[in-house]
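Pasting a structure below so you can have a look.
The values are calculated or read from the model by the stated rules, or taken from the named source; none is laboratory data. Fair warning: this is a prediction, and the values are worked out from it, not measured in the lab. Backbone-built Cβ (ideal geometry, glycine too); neighbour counts: all protein chains shown. Note: areas computed on protein heavy atoms with side chains; ligands, DNA, RNA excluded. Shrake-Rupley method; radii C 1.70, N 1.55, O 1.52, S 1.80 Å.
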Amino acid sequence: MELQVRQAFGANMKNLQNRICSARFLTFFLMLILFMDMYLSGFRDDVRFMGESCGMAVLPFLQTSDYFMKLVLLSAVYFYSNVPFVEKEELFFLIRLGRQRWGRRNLWYLAGSAMLLTLCLLIISWIQILPVSRVSLSWDGVYKTLALTGGRYTRFGVPYGILQEFSPAELMGFTLCIDWLALLFLGLLMYVISLSGYRILACAAAAIMVFLPMLDARIGGTLLYYSPLSWMDCANWRVGFDNTKPDIPYMLVALLSLNLLLLLAGQYQARRMEWNMKNEG
């Protein structure tokens with residue numbers, strides 16, 4: 001049993017490595033570096049102007065920028081736009097493994113790639129602020145100043161309520177967990193829809209989910225409870241008694257439940273899928 005688990009894990013890791021080593025992932029990675037540099041260059045200038053160094057927990061605040069998140073999430077849609085992974089070489093694995101094991105193979109890839117994309121967000125953000133940063137377990141003057149007065153060049157917000165509610169370690173932990181689950185939700189949603197139709201429908205559904213927070217802002221914030229991708233923005237988390245925003249337990253339970261339902265739906269669709277090369281278009 002232990003040997004079978006090791007073999008299955010090794011096969012899934014090999015599949016993740018093979019699919020990640022592609023022009024698609026390289027394009028996503030380079031776009032992420034470019035987008036982060038666009039938004040963090042001003043932050044670095046503000047930190048230098050203050051004559052201080054900042055803590056490493058910049059990613060949660062960077063994700064409060066609506067336009068930055070649109071760029072990141074649309075890049076993630078591009079990354080997953082080859083679902084349901086029915087390239088010609090996949091026919092070999094489908095015949096060899098059978099539909100059920102082939103479906104599990106894809107689900108493991110989606111989970112692993114969502115984790116990798118989340119780590120890319122974290123690591124690139126750390127590298128970008130490395131010249132002006134330091135390790136700190138408490139909020140320093142830079143973030144408190146930006147929360148109270150804003151910055152001259154910083155292009156994202158620092159919600160003061162978040163600084164009061166969470167420590168840097170807590171905020172980073174919740175952010176990484178929600179980012180992973182949200183990106184997994186995006187990939188699973190596209191995967192399930194593409195198995196039952198065409199990729200264009202999966203991309204259209206994903207685009208709707210990406211722009212749903214923008215619609216929510218226009219109609220007064222009534223959709224925050226039903227917009228999983230908006231939860232990557234810590235400004236949309238409940239602080240204190242603000243019941244217009246979801247709290248951490250609600251978001252985690254909702255994302256876990258949605259992902260579980262999509263996992264089951266993906267396996268069901270994979271078992272009854274007919275091989276159709278039109279899915280490649």
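Among the residues in region 76-89, are any under 20 Å from Trp231 (Cα atoms), part of a helix (DSSP H, G or I) and either modelled with pLDDT of 90 or more or open to solvent by 60 Å² or more (accessible area, probe 1.4 Å) (or both)?
Scanning region 76-89, I find at least one residue that is under 20 Å from Trp231 (Cα atoms), part of a helix (DSSP H, G or I) and either modelled with pLDDT of 90 or more or open to solvent by 60 Å² or more (accessible area, probe 1.4 Å) (or both), so the answer is yes.
I've got another one for you. Would you tally the residues in region 121-147 being open to solvent by 90 Å² or more (accessible area, probe 1.4 Å) and of a type outside the set (A, V, I, L, M, F, W, C)?
Summing the residues that are open to solvent by 90 Å² or more (accessible area, probe 1.4 Å) and of a type outside the set (A, V, I, L, M, F, W, C) in region 121-147 gives 3.
Can you name the residue in region 148-168 that is part of a helix (DSSP H, G or I) and without any contact (Cβ under 8 Å) to a residue 40 or more places away in the chain and is also least open to solvent (accessible area, probe 1.4 Å) among such residues?
Among them, the one singled out is Leu163.
Another question about this same structure. Can you tell me which of Asn243, Asn236 is farther than 21 Å from Tyr109 by Cβ, at pLDDT 90 or above and of a type outside the set (Phe, Trp, Tyr)?
The conditions single out Asn236.
Here is a yes/no grid of residues against (1) in contact with a strand residue (DSSP E or B) (Cβ under 9 Å, 6 or more places away or on another chain); (2) within 30 Å of Arg271 (Cα to Cα); (3) open to solvent by 40 Å² or more (accessible area, probe 1.4 Å):
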| residue | (1), (2), (3) |
| --- | --- |
| Pro228 | no, yes, no |
| Met232 | no, no, no |
| Asp242 | no, no, yes |
| Lys245 | no, no, yes |
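Hey, another quick one. So which residues in region 250-266 are in contact (Cβ under 8 Å) with a residue 12 or more places away in the chain and open to solvent by 90 Å² or more (accessible area, probe 1.4 Å), if there are any at all?
Leu256
Does Leu188 satisfy being assigned to a helix (DSSP H, G or I), closer than 18 Å to Gln63 by Cα, open to solvent by less than 20 Å² (accessible area, probe 1.4 Å) and not aromatic (Phe, Trp, Tyr)?
Taking the combined requirement at face value, the residue does not satisfy it.
Which of the residues belonging to region 41-65 are under 14 Å from the mean Cα position of the chain (by Cα) and not in a loop (DSSP other than H, G, I, E, B)?
Across region 41-65, the qualifying residues are Leu59, Pro60, Leu62.
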